[in-house]
Amino acid sequence: MTDVTGLRVGHATRTGDGWLTGTTVVLAPVGGAVAAVDVRGGGPGTKETDALDPRTVVRKIDAVVLTGGSAYGLDAASGVMAWLEERERGVRVGPDPAHVVPVVPAACLFDLGRGGDFRARPDAGTGRAAVEAAAAGVPEARVAQGCVGAGTGAVAGRLKGGVGTASTVLDSGITVGALVVVNAAGSVLDPETGVLYGELLQGRVEYPQERVHEAACRRLDEAAAGNGPAPLNTTLAVVATDADLSKAQAQKLAGTAHDGIARAVRPVHLLHDGDTVFALATGTHPLDTHPLALNGILAAGADVVMRAIVRAVRAAESVHGPGGVWPSYGELYGKG
């Protein structure tokens, strides 16, 4: 994600003593980024997404919040909003530079009780910690992946989920990146072979040995039986580019990026998912005026989302705690 120049990512992670949750903030450069959103899940939890409609007055935003804690966790956006106001960043609403209203779109995933305490969830303080971590980070630094930030308590089907990121540079020089928090009701794993769905479309795949796959299936069955009914879920993503896009073009990018989720998670966009994709465009790279120029960005958005999901699952670590047991792909099949 931070390969898109100007963007920074910060995580706030809480574990232990009943906690297994966190918040992730994608911070735009000063001056903001054009933003849009596409919500496809049947059970979304969001804040300020209406402001991203191309028909509304808000053109740029300064930060996007992805958070655990279900709807309770959306309070994390308040901490980010306060941090931005202190720096006079937001929509100007008066003659004084301090008269701003930061628009901070946010989306949450369900991880309540996964650490053992149903009331342990992100708040405004968690959001502030995440945005401060983003601001303090080195530009273009590698983003921490796995069980961090909003991915701390994430689950991918019966596997442990988490945060993943990926990017690509097009022939035009335009960069497209994605950050995904994988917390899907559907599976990321082919039940017949043990291969991650998202890797099947990335070229040659090394299939796990049959005995390894059979042992992994038994382990997943045991863990699922002990965890009880399947919980609510949601996969969240931010896809970003340095191209100069309009809000309408950014909204199209958010929509096609959902294809990347559909390639890596099956089934997807269910009633108990809140699948939401945000799109950010920093506008530092001119978009070719050729009618087909945007298509390359749209296709790349789906590809990097798919790759980010694979990285999230591979980077995740197993959880064996009071709230449940979720084996990681690495524990079952090896890091690869």
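The values are calculated or read from the model by the stated rules, or taken from the named source; none is laboratory data. In this text the structure is predicted, and so the values were computed from the model without any measurement. Please note: Cβ atoms are built from the backbone with ideal geometry, for glycine as well, and neighbour counts cover all protein chains shown. These accessible areas exclude ligands, DNA and RNA; they are computed on the full protein's heavy atoms, side chains included. Shrake-Rupley method; radii C 1.70, N 1.55, O 1.52, S 1.80 Å.
Tabulated results
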item	result
Answer from A107, A136 - the residue that is touching a strand residue (DSSP E or B) at 6+ places or on another chain (Cβ under 8 Å) and buried (at least 23 other Cβ atoms within 10 Å of the Cβ)	A107
Single residue of P122, P29 found to be at negative phi and in contact with a Lys or Arg (Cβ under 8 Å, 6 or more places away or on another chain)	P122
Any hit, segment 88-102, residues being touching a residue at least 40 places away in the same chain (Cβ under 8 Å) and under 23 Å from the mean Cα position of the chain (by Cα)	yes
Pairs with Cβ under 9 Å, 6+ apart, first in segment 210-225 and without any contact (Cβ under 8 Å) to a residue 40 or more places away in the chain, second open to solvent by 80 Å² or more (accessible area, probe 1.4 Å) and basic (K, R)	D221/R158
Residue check for D62: out of contact with any strand residue (DSSP E or B) (no Cβ under 6 Å at 6 or more places or on another chain), in contact (Cβ under 8 Å) with a residue 24 or more places away in the chain and crowded, with 22+ Cβ neighbours inside 10 Å	yes
Single residue of segment 110-133 satisfying the filter (out of contact with any strand residue (DSSP E or B) (no Cβ under 7 Å at 6 or more places or on another chain) and open to solvent by less than 60 Å² (accessible area, probe 1.4 Å)) that is nearest to V277 (Cα to Cα)	F110
Selection count where residues are of a type outside the set (A, V, I, L, M), under 27 Å from A156 (Cβ atoms) and open to solvent by less than 50 Å² (accessible area, probe 1.4 Å), scope segment 248-295	9
Members of segment 156-192 that are open to solvent by 10 Å² or more (accessible area, probe 1.4 Å) and part of a loop (DSSP other than H, G, I, E, B)	G157, R158, L170, D171, S172, G173, A185, D190, P191, E192
Single condition R55 does not satisfy, out of (1) touching a Gly at 6+ places or on another chain (Cβ under 9 Å); (2) farther than 30 Å from L159 by Cα	(1)
